[in-house]
1. On a full-extension model of 0.36 nm per residue, what is the gain between E62 and T401, subtracting their alpha-carbon distance, rounded to one decimal in nm?
2. Could you list which residues have their amide H under 5 Å from that of F303, counting only those 5 or more apart in sequence or on another chain, with H placed in the peptide plane?
3. Please give, to one decimal in nm, the separation of the simple spin-label points placed at L262 and K340, each 7 Å out from Cα toward the Cβ.
4. Highest first, please rank the peptides 150-158, 87-95 by the mean number of other Cβ atoms sitting within 10 Å of their residues.
5. Taking every eigenvalue of the Cα gyration tensor of region 314-409, multiplying by 5 and rooting it, what semi-axes result, largest first, whole Å?
6. Normalising by the residue count of region 4-65, find the relative contact order in percent from Cα pairs under 8 Å and 6+ residues apart.
7. Taking θ as phi - 60°, what are the ³J(HN,Hα) couplings along region 161-171 by the Karplus curve (6.51, -1.76, 1.60), each to the nearest whole Hz, with x for Gly and Pro?
8. Which of R408, R175, R238 moves most in a GNM of the chain, Cα contacts under 10 Å?
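Nothing in this text is a laboratory measurement; each read-out follows from the coordinates by a stated rule. What you see is a predicted model, and the numbers here were worked out from it, not measured in a lab. Because the Cβ atoms are built from the backbone with ideal geometry, glycine has one as well, and the counts that use them run over all protein chains shown.
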Amino acid sequence: MGEVAKIELNGEIFEFPIVIGSEGEKGIDITSLRATTGFVTLDNGFMNTGSCRSAITFLNGEKGILRYRGYPIEQLCEKSHFQEVASLLIEGELPTEKNLELFKEQVGMNVELPQGVENIIDTFPARAHPMGVVASGIASLSAFYPELIAGDLSAIKQAKIISQILGQAKVMAARFYRRSLGLIPVKSRPELGYAGDFMNMMFSAPGYSVPPEVNKALDVLLILHADHEQNCSTSTVRVVGSSQANVFAAISSGIDALWGQLHGGANQAVLEMLLQIQKAGGDYKEFLAKAKDKNDSFRLMGFGHRVYKNFDPRAQIIKGHCDSVLETLGVQDELLDIAKGLEVEALKDEYFVERKLYPNVDFYSGIIYRALGIPTDMFTVMFVLGRLPGWLAQWKEMIETPGNKIARPRQIYTGFNKRDYVDIKAR
């Protein structure tokens, strides 16, 4: 028998196996805890709970390490591109040239939306939040492709589903954006690459083209967002998928989870914070002081990270691309000036340096999206487009894992003990 953990409960000792991951992480397998002891664990927010075994993404927050299928994020951002990384996450290995072309071709063939889905998107009010539109659009696909949610999910069905979601999600987002402005939707051009195609569908006009520096920066952002271990939205996809709900429902639930300000909505919160500073006169130094005041409710958005304790490796990568985009486009924007000022001051302020509150990927992504002309309420949709391969890879891994069970957390009940019903006239 391997290494075990011993827990003493009411004078009796119980042993539970210790499992060790490929990077040396250790966990206590408490699968049999309730059955053998009658106890459950209590872990608010699941901060110390491993919900699954996964071979997709490795993250070490203390050392600032992020790897997809073993490949360092730094190498992938430098040498690869988003669709190759998507294939890597989903299939487990870097694709051959032939397989990559086939993957891109399959995604490119699935960019036409059913007429009914187009009607749904066009029915939304122009002021609707794009996250609600995309989540609804993805969920609605189950109604238009019943053959993809019935029976066993063969490899052919899985490939079709994955291609459709990757191809159609960006079309939904771009279509709603243009409809909300009263503009005619632009057809997808897959030959422009994933990022370039999306930008063209958003902003196409006579003479419009995407500068290479901009295309590369957006592609890198999509790679950086592609997966991030068992975060809130990924866990949501797995939980919903564990009930054998169809994949469209599972991915839609992930979009809804990502919508929150504490998750994918963080980059939108960064711009809203910058607007707040601008409306107050633009003195970012004053707001840095407010952020350090324990009695002030102001929060500095886009600095620090729940998982990364020293630095966010994604932020280090995208910072250079952020500077390149601003220089290439020659953007003059007071909000971006405030953002750059915050960055410079915070990086040399002892308070933030000592607490390792460095700008994170949300801070720089918000700046880039703003410079590209993407509306603030579309920022989280950009996160969705990047995260889709990760969600699909996690869903695929889960359904292919033997003995996978429906997620069913326990609780510690703190309500009333048994009491008798009181007639309404006697209350």
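1. Values: separation 339, 0.36 × 339 = 122.04 nm, distance 2.94 nm.
So the chain would gain 119.1 nm between E62 and T401.
2. Here the answer is N360, since their amide H atoms fall under 5 Å of that of F303.
3. 3.5 nm
4. Values: 150-158: 11.4, 87-95: 18.7.
Going by the mean number of other Cβ atoms within 10 Å, highest first, we get 87-95, 150-158.
5. Working: eigenvalues 240, 74, 25 Å².
Calculated on Cα positions only, the semi-axes equal 35, 19, 11 Å.
6. Values: 42 pairs, mean separation 10.8, N = 62.
Worked out over region 4-65, it gives 17 percent.
7. In residue order, the calculated couplings are 4, 4, 4, 5, 5, 5, x, 8, 4, 5, 5 Hz.
8. Comparing R408, R175, R238 in the GNM, the peak value goes to R408.
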